[in-house]
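The values are calculated or read from the model by the stated rules, or taken from the named source; none is laboratory data. As the structure is a computational prediction, the values presented were derived from the model and not from experiment. Every residue, glycine among them, receives a Cβ derived from its backbone with ideal geometry; neighbour counts consider all protein chains shown. Heads up: the accessible areas ignore ligands, DNA and RNA and are worked out on the full protein's heavy atoms, side chains in. Shrake-Rupley method; radii C 1.70, N 1.55, O 1.52, S 1.80 Å.
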Amino acid sequence: MATSTDSTLTIRRPDDWHVHLRDHDVLRGVLPYTARQFARAIVMPNLSPPVTTAEGVNAYRHRIIAAIPPGLSFTPLMTAYLTDGTDPADIAQGYADGVFVAAKLYPAHATTGSAHGVTDVAKILGVLEKMQDVGMPLLIHGEVTDHDVDIFDREAVFIERTLAPLVRDLPGLKVVFEHITTAEAADFVDASGPNIGATITPQHLHINRNAMLVGGIRPHAYCLPVAKREKHRLALRKAATSGSPKYFLGTDSAPHAVGAKESACGCAGIFNAPFAIESYVAVFDEERALDRFEAFASENGPRFYGLPLNEETITLERAENPVPEIVDANGTPIVPFHAATSLGWRLV
Ligand code: DOR
Ligand code: ZN
């Protein structure tokens, strides 16, 4: 369906298969950025406290719907947060009722809002078997938390210790390896069956770990999984633009107030929602892969989840698009990804 000229690209309206919308005042401040670009988004459940039950997820879904700005069409696709105590029957019922479309596995203490996460995958085997039976996708934050594993190795070690055995033992389980950051992760996804997909964020396509550490410590480039070496960024660019149906757009937009980032112990998370689609299209343009952008942004995700493709379109045009230093999210100041630089594309 994509059409292009020298200066414009029109594609099916995209979806965001991984976003943090937070709650209450901040939700109302950040949601408009996502809803103006994306028709649907997979909403992460790591609120504090996390949303772990069908009842909690349904209430959160209603708060999101109430925050959609008038005139925008947007559908939140909800997820349940898995804990050691998750009830397989509650998960299966919430899925059957359409309350949520997937469940998120956070290894306990891997990242922001993961304190209630799973301490050992063996403890939720009954839940995962049930999910495999009903065809419900499992969304994984793929990092080990062992103190003896270097933070830059935590994703690769997770593949060896947890993900490969899980995929071997539950070969029919649909898995999204979220926000992959390494060549090892792309290799694993490429070598797996069609039931294993992955999201890739804009930041992991744009920056390597130097962005965080060269010339001073730069907290706004810090997220988890942390950006890795340049060779990994290049592997992710190759995967995203390869045309493989296994890779799809998932921003992992994770807003934190500027003060919570610029701190002695700054929060993990990059707020990329304001210019997400422009950030991604710039990468595909640089890689001479604009003809593959629509599949990554608008087709591979819904096909993986078994949902219909969006029928509306969006148009992007080549134009200077300055990114502000800071945005006001309904009273919370947040520094966006690409702050104080300019992107070469603009959503019309
Ligand atoms: O950087 C991150 N921020 N990674 C995550 O996994 C969670 C997220 C957040 O919620 O802030
Ligand atoms: Zn996330």
(request) Could you order GLU230, GLU325 so the one with the most accessible surface comes first? Probe is 1.4 Å. (result) GLU325, GLU230
(message) Multiplying the sequence separation of SER263 and ALA59 by 0.36 nm and subtracting their Cα-Cα distance, what value in nm do you get?
(response) 70.2 nm
(message) For segment 1-137, give me the percentage of DSSP beta bridges that are antiparallel, rounded to the nearest 5 percent.
(response) 15
(request) Find out how many positive minus negative residues lie around PRO308, taking Lys and Arg as positive, Asp and Glu as negative, among other residues whose Cβ is under 14 Å from that of PRO308. (result) 0
(request) Take the Cβ-Cβ distance between LYS123 and ALA89 as r, set R0 to 22 Å, and report the resulting FRET efficiency rounded to the nearest 0.05. (result) 0.85
(request) Report relative contact order for segment 3-347 in percent, whole number only (criteria: Cα-Cα under 8 Å, sequence separation at least 6). (result) 19
(message) I want to check the label-to-label distance for LEU309 and ARG36. Put each point 7 Å from Cα in the C-beta direction and report it in nm to one decimal.
(response) 2.7
(message) Need one number: nm distance between label points at THR341 and ASP187, each 7 Å from Cα along Cα→Cβ, rounded to one decimal.
(response) 2.8
(request) Determine the order of LEU138, LEU290, LEU47, LEU234 by accessible area, beginning with the largest, at a probe radius of 1.4 Å. (result) LEU234, LEU290, LEU47, LEU138
(message) Restricted to Cα positions, what overall size does segment 225-348 have along the principal axes? Three whole-Å values, descending.
(response) 41, 32, 29
(message) Tell me which chymotrypsin sites (Phe, Trp or Tyr not before Pro) from segment 1-99 have a DSSP coil assignment and no more than 13 other beta carbons within 10 Å of their own.
(response) none
(message) Can you give me the accessible area per residue for segment 1-107, using a 1.4 Å probe, in Å²?
(response) 37
(message) Antiparallel versus total DSSP beta bridges in segment 3-347: what percent is that, nearest 5?
(response) 40
(request) Give, in nm to one decimal, the length gained when the segment between ARG168 and VAL348 is fully stretched (0.36 nm per residue of separation minus the Cα-Cα distance). (result) 60.3 nm
(request) Would you rank ARG346, ARG229 by solvent-accessible area, highest first, keeping every protein chain in place and using a 1.4 Å probe? (result) ARG229, ARG346
(request) With viscosity set to 1.306 mPa s and temperature to 10 °C, compute the Stokes-Einstein D of segment 3-347, Rh being the Kirkwood radius across alpha carbon pairs; µm²/s, no decimals. (result) 79
(request) Determine the distance separating the Cα centre of segment 119-137 from the Cα centre of segment 32-57; give it in Å without decimals. (result) 21
(request) Hand me the tally of lysine pairs in the chain: alpha carbons under 29 angstrom apart, and the pair either on different chains or 8 or more positions apart. (result) 22
(request) Give the accessible surface of segment 255-307 per residue, rounded to a whole number of Å², with probe radius 1.4 Å and ligands, DNA and RNA excluded. (result) 35
(message) If I model a spin label as a point 7 Å beyond the Cα along the Cα-Cβ vector, how far apart are those points for ASN210 and SER7 in nm?
(response) 3.4
(request) Could you tell me what percent of the accessible area of segment 171-323 is made up of carbon and sulfur, with a 1.4 Å probe and every protein chain present? (result) 54
